[in-house]
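The values are calculated or read from the model by the stated rules, or taken from the named source; none is laboratory data. None of the values given here were measured: they were computed from a predicted structure. Note: ideal-geometry Cβ built from the backbone for every residue, glycine included; neighbour counts use all protein chains shown.
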Amino acid sequence: MTDIQEMSVRQLHKAPGEDTLWACVEAFQNERFRTVSGLPYSYHLKIGRRGVYTKELFVDRREKSKSITWKTVMQAFEAVRQEKKERPLIARPKALGDVRGISYIYPIFYRIGLIDVPEKFGQNMEEEEPDK
């Protein structure tokens, strides 16, 4: 993790909320993630007319990017918060909500320490070490 990523994760855990979650989403854009089945992807944010990021994640998994709205991310975040404990074990992506893009949100939440996942999923989502 970069210093900015570590700082944003610390802030999120210290004061969980929409702004601190957004800071994490910004900090982790263009990082490689893996879905629970191990498929690689990354996401990026676009800069809008006012020169700030739009609140939409564009997932680069295939030729055509999928977009995930901020509202969808927040719905999943609220599902985590309803668990009322730090880093709850979430058995599968759809346990956070049956919404578009949840298979991409789940690994992000795992990486930033919002949730814990079953061991088999955690192994699949871990980034492979680059060849030395």
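Yes or no, residue by residue, for (1) free of Cβ contacts under 8 Å to residues at least 40 places away in the same chain; (2) within 16 Å of V36 (Cβ to Cβ); (3) among the aromatic types (F, W, Y):
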residue	(1), (2), (3)
T72	yes, no, no
A95	yes, yes, no
V99	yes, yes, no
S103	no, yes, no
L114	no, yes, no
E119	yes, yes, no
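Condition first: at pLDDT 95 or above and either surrounded by 17 or more Cβ atoms within 10 Å (Cβ to Cβ) or out of contact with any strand residue (DSSP E or B) (no Cβ under 6 Å at 6 or more places or on another chain) (or both). Now tell me which residues in segment 44-55 satisfy that.
L45
Give me the residue from segment 30-43 that is surrounded by fewer than 14 Cβ atoms within 10 Å (Cβ to Cβ) and in contact with a strand residue (DSSP E or B) (Cβ under 6 Å, 6 or more places away or on another chain) and, out of that set, farthest from Q5 (Cα to Cα).
Checking each candidate, the answer is P40.
Counting just the residues of segment 50-70 that are part of a strand (DSSP E or B) and of a type in the set (V, I, T), which one comes out nearest to N30 (Cα to Cα)?
Taking the candidates together, the pick is V59.
Just a yes or no: is a residue in segment 19-28 under 25 Å from A91 (Cβ atoms), at pLDDT 95 or above and either in a strand (DSSP E or B) or small (G, A, S) (or both)?
No, segment 19-28 has no match at all.
Looking at segment 57-66, is at least one residue surrounded by 15 or more Cβ atoms within 10 Å (Cβ to Cβ), within 13 Å of the chain's Cα centre (by Cα) and more than 22 Å from F121 (Cα to Cα)?
Looking for residues that are surrounded by 15 or more Cβ atoms within 10 Å (Cβ to Cβ), within 13 Å of the chain's Cα centre (by Cα) and more than 22 Å from F121 (Cα to Cα), one finds at least one in segment 57-66, hence yes.
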